[in-house]
Every structure is written in C-alpha cells, then in structure tokens.
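Let me begin by presenting the structure, written as structure tokens, before commenting on it.
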Amino acid sequence: MTLLVLTAPSGAGKTTIARRLMDEVPGLTFSVSATTRAPRTGEVDDVHYHFLDADTFVERIEAGDFLEHEEVYPGRFYGTLRPELEALALRGDVRAVVLDIDVKGAINVKRIYGDDVLTLFVAPPNIGVLSDRLRSRGTENAKQIAMRLDRAAMEIAAAPEFDVTVVNDDLEAAVAETIEVVQTFLESRGV
C-alpha cells in the first residue's frame, strides 16, 4: 500500500493542494476521514467526511476500526478508517491513496507504514497569513480561530518530522512543488 499524507495547520491550504494533486496525477484516490464535527454548508456525508456522532466514533475506536485518530479540538475527533483505506489500496486502478489528516495522525501513519508513506507538511508563509486565511473563510468565530492558531504553533513545530515541507505562499507554486515531489516518490516506488 502506497500512501501520500498531507497535513497542515487549518487554513494553510492542504485540502486545496490535495484536490489539485489528485486532478493532475493519475491513479490517486482519496481516503475520506471520519469526524464528530457537524457538516459545514455544502458538505456531504461519505464524500467530504464520514460524519459520526461521538458515541459511534468511540465504538469504532474500541473496535479497532481506526488506523489513526485524534481529538484535535475538545470533543472533536478526526480519524482514518482502516477498512476503507485497505479497500481503496486494493483497487487495481490505484497507484496511491491520499490522506488529508492532522499532524499527529500523519506521524502515526508514517510510523506504521514507514517507507510506503510520503508525508508532506503544507506550511503557511507565517502565522499572520494563516490568521487572515482563517478569518476570510468565515466558517469559525473568533474563539475558534484563536484555538486553531494556538494549535498551528504546535503543528508548525512538528514540520521537521515530515519528509517534505511545502510552503504555501503562492498556491500555484505550492501545487507544482507538491506534484513534482509526489511524482518522484511514485516513480521511485515503481507505481
């Protein structure tokens, strides 16, 4: 199983980069994460996330269904469902599975799968830019943004633990760099 793991502080652009990566590199498929948070406007269950209530999420943790999971914010869990990931990896048309997950989850996936994983950390140019991006999204209140910025400091400190750091100062340049790094990794693995 070949995995491409993208992680970043909230608002750094990892989801946008992951989507563009999948549009440009053939044979990639996306692993939909599970979460206990409520869907945002326009989000569809089993497309954007597997939206689970907290009890169901905990039951699935206890059943061993998660490859990785994290309580990213108090009472808000995110995780990768192992059965879904394994099913995706077995499809004949899949070169690699893309995961868009949090920092701790990414580190755990790398620990488990080692060289079968390419971990990419998408970094904002600085905290000020990240703050502006979070505010402009209009999806969180001031308290939630402050919480995300506090977490971002911890996440940015973990960047050296990743195989590659891509600074998203210019989206087109960040996408091009990500595509180049991924293609090189896939070619080195013969997939």
*Pop a pseudo-label 7 angstrom from the Cα along the beta-carbon direction at both Gln183 and Asp170 and give the gap in nm to one decimal.*
1.8 nm
*asked:* Could you order the peptides 4-15, 58-69 from most to least packed, using the average number of other C-beta atoms within 10 Å per residue?
replied: 4-15, 58-69
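Given contacts defined as C-alpha pairs under 8 Å and at least six residues apart, what's the relative contact order of segment 1-151, whole-number percent? Before the final figure, lay out the partial values.
Numbers: 226 pairs, mean separation 56.6, N = 151.
This gives 37 percent for segment 1-151.
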_Starting from 0.36 nm per residue, how many nanometres of slack lie between Glu86 and Ala146 once their C-alpha separation is accounted for?_
18.0 nm
*Would you kindly compute the Cα radius of gyration of the chain and its largest Cα-Cα separation (Dmax), both in Å?*
16.0, 47
_Cross-link reach list, lysines versus Lys14, counting only Cα pairs under 18 Å and skipping chain neighbours closer than eight places_ = Lys104, Lys110
*Rg/Rg_ref, segment 1-106, where Rg_ref = 2.2 N^0.38 Å and atoms are Cα*: 1.04
*Assigned charges on the beta-carbon of Lys, Arg, Asp, Glu; the chain dipole about Cα centre (debye)*: 380 debye
*Show that you can apply the helix-only estimate: for the chain, add -39,500 (n - 2.57) for every DSSP H stretch of four or more residues, divide by all residues, and state [θ] at 222 nm to the nearest 500.*
-14000 deg cm²/dmol
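Read-outs throughout are calculated quantities, based only on the coordinates presented, and are distinct from any laboratory measurement. Here the structure is a predicted model, which is why all the values come from computation and not from measurement. Methodologically, a virtual Cβ is constructed for each residue, glycine included, from the backbone with ideal geometry; neighbour enumeration extends over all protein chains shown.
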